[in-house]
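One structure is given here, and the rest of the page talks about it.
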Amino acid sequence: MKKRTMETSLAAQSPKLVRSVERRLFLRQGLSLGALAMLSGCNLTDDESVQRVLTGMSRWNDGAQGLIFSRTKLAPEYPESAITKPFPFNAFYTEDEVTEVDGKSYQLELAGMIRDKKPWTLPELYALPQTSQITRHICVEGWSAIGKWGGVRFSTFLERIGADTTAKYVGFYCADDYSTSIDMATALHPQTLLTFRFADQILPMKYGFPMKLRIPTKLGFKNPKQIVSMMVTNEYPGGYWEDQGYNWFSGS
Amino acid sequence: METAQSHWVKIHPLIVRITHWINAFAILMMATSGWRIYNASPFFPFRIPSEITLGGWLAGALQWHFAAMWLLVLNGIVYVTYGIVSGHFRRKFFPLWPRDVVRDVLGAFRGKLAHDDLSMYNAAQRAAYLAILLCLVVLVFSGLAIWKPVQFQEIAGLMGGYEGARIVHFCAMALMVFIVLVHIVMVMLVPRTFPTMITGRARRAS
């Protein structure tokens with residue numbers, strides 16, 4: 001308050017002086033921004049204008065990662081001996097809070113730019129051509145673990161349902177109220193699998209029964225578990241973590 | 001009596017001063033946000049005190065880290081290109097003999113390191129500044145390997161894969177931070193070097 005009063009009275013008398021003072025203040029603020037960051041820890045990120053710049057840069061990084069992403073480059077695959085045991089459980093809740101899904105009544109709902117929106121049952125999904133991969137799951141937190149997943153190539157499934165693969169996004173909604181979305185280029189990548197098996201067993205509930213979309217070219221949180229519905233769309237669907245500030249593309 | 005007076009000489013070109021301070025700012029943001037990211041999943045038996053980290057939580061720290069990386073890299077490209085093309089690196093950092101580095105580092109410990117002519121770096125300075133530059137190159141490449149362990153798997157492969165790149169990234173950070181801290185201590189011991197990195201000029205006896 002005090003500063004404002006002083007500025008007002010000064011401005012009336014000497015606009016040139018005010019400009020010079022402002023310039024000096026701006027310089028000093030710029031120089032002390034780093035020191036401020038050290039002192040205040042988290043507060044700087046909460047500042048609205050700073051947050052706007054950071055969010056803008058995150059969108060820019062989505063674009064940059066889309067350019068870096070190769071449709072043909074494959075994630076490294078590992079021998080059975082490299083598999084991490086036990087494979088870590090990870091979700092936005094604890095292991096005893098895992099949602100139970102009834103496989104018998106389960107149906108995968110389809111929406112958006114898809115020709116045949118008929119829901120799929122588990123036996124129908126299991127009947128699709130199956131493949132498997134042993135790849136590294138990399139968490140946004142930094143840790144990584146190697147696991148074996150089996151299922152159908154997602155591109156094969158998209159083809160079967162007549163998805164419009166010129167659309168921008170595929171969005172997923174899960175039984176545990178989780179959601180995420182990916183770009184179409186990643187959806188069509190040969191290693192992106194709609195998986196029903198983990199370590200040669202039916203996918204356990206905690207690892208995503210009845211199905212997990214396994215994407216070895218993206219961070220772990222972009223690999224939705226317990227998917228109950230998916231949609232193909234041109235409208236940005238966001239996601240559980242993405243809406244809170246995690247980078248949307250999050251490619252590996 | 002001209003001879004008894006001193007005169008001002010220009011020792012740091014404008015482009016070096018600008019890139020130095022942008023680099024300092026970018027490194028501060030990268031290091032403090034990086035510590036927060038490390039804390040989300042530490043691989044050494046310690047965490048960085050969160051009071052000196054940037055970002056507030058993991059998502060915030062990642063936003064800072066991946067925004068500041070553009071500043072660090074673009075600024076670094078300008079500096080390195082200038083340094084090579086103009087001959088600045090050749091003039092300032094070379095020749096650099098290991099024996100001189102050992103002599104000057106030991107001299108620094110005994111408080112007997114000469115830095116009278118601010119336009120000339122002693123061997124300890126040459127080694128330190130080149131080491132920071134080298135650390136930054138390693139940080140950028142190990143960072144690319146962590147950010148894109150599939151797309152840039154060839155780079156990650158040089159460091160033993162994704163997990164190896166994390167260790168390399170951390171160790172290069174630790175070494176860089178150590179040298180930067182020594183650099184700051186030395187500037188405090190020879191305070192007249194500080195304004196020269198802002199004005200570019202130093203007083204020299206005629």
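Summary table
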read-out: Checklist (1) in contact (Cβ under 8 Å) with a residue 60 or more places away in the chain; (2) under 20 Å from A:K104 (Cα atoms) applied to A:S179, failing item; value: (2)
read-out: Candidate set from the stretch B:145-160 (those that are buried (at least 17 other Cβ atoms within 10 Å of the Cβ) and assigned to a helix (DSSP H, G or I)); member that is nearest to the other protein chains (Cβ to nearest Cβ); value: B:Q153
read-out: Tally, over the stretch A:101-116, of residues that are outside any strand (DSSP E or B) and either surrounded by 11 or more Cβ atoms within 10 Å (Cβ to Cβ) or not polar (S, T, N, Q) (or both); value: 9
read-out: Of all residues making up the stretch A:117-137, the number that are surrounded by fewer than 18 Cβ atoms within 10 Å (Cβ to Cβ), of a type in the set (S, T, Y) and closer than 18 Å to A:P190 by Cα; value: 2
read-out: Those residues of the stretch A:35-77 which are within 7 Å of another protein chain (Cβ to nearest Cβ), modelled with pLDDT of 90 or more and part of a loop (DSSP other than H, G, I, E, B), in sequence order; value: A:F69, A:S70, A:K73, A:A75, A:P76
read-out: Top-ranked residue of the stretch B:33-57 - restricted to ones that are more than 7 Å from every other protein chain (Cβ to nearest Cβ) and either touching a strand residue (DSSP E or B) at 6+ places or on another chain (Cβ under 6 Å) or among the charged types (D, E, K, R) (or both), ranked as surrounded by the fewest Cβ atoms within 10 Å (Cβ to Cβ); value: B:R47
read-out: Selection within the stretch A:78-104 - hydroxyl-bearing (S, T, Y) and more than 14 Å from chain B (Cβ to nearest Cβ); value: A:S81, A:Y93, A:T94, A:T99
read-out: Residue within the stretch B:128-142 that is part of a helix (DSSP H, G or I), closer than 24 Å to A:T217 by Cβ and without any contact (Cβ under 8 Å) to a residue 24 or more places away in the chain present; value: yes
read-out: Test: residue in the stretch B:5-21 that is hydroxyl-bearing (S, T, Y), over 16 Å from the mean Cα position of the chain (by Cα) and away from chain A (no Cβ under 13 Å); value: yes
read-out: Residue in the stretch A:83-102 that is over 21 Å from the mean Cα position of the chain (by Cα), of a type in the set (F, W, Y) and under 18 Å from A:I215 (Cα atoms) present; value: no
read-out: Selection from the stretch A:194-210 of residues that are touching a helix residue (DSSP H, G or I) at 6+ places or on another chain (Cβ under 7 Å) and either over 21 Å from A:D164 (Cβ atoms) or among the polar types (S, T, N, Q) (or both); value: A:F196, A:F198, A:K206, A:P210
read-out: Complete set of residues in the stretch A:64-82 that are among the small types (G, A, S) and either under 15 Å from A:I215 (Cα atoms) or touching a residue at least 40 places away in the same chain (Cβ under 8 Å) (or both); value: A:G66, A:S70, A:A75, A:A82
read-out: From the options B:L139, B:L175, residue that is crowded, with 18+ Cβ neighbours inside 10 Å and either more than 23 Å from B:F44 (Cβ to Cβ) or modelled with pLDDT of 95 or more (or both); value: B:L139
read-out: Qualifying position, being modelled with pLDDT under 95 and either closer than 28 Å to B:A202 by Cα or of a type in the set (S, T, Y) (or both), among B:L130, B:L134, B:L72, B:L118; value: B:L118
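The values are calculated or read from the model by the stated rules, or taken from the named source; none is laboratory data. What you see is a predicted model; the values in this text were computed from it and never measured. Quick reminder, even Gly has a Cβ in these numbers, built from the backbone with ideal geometry, and neighbours come from all protein chains shown.
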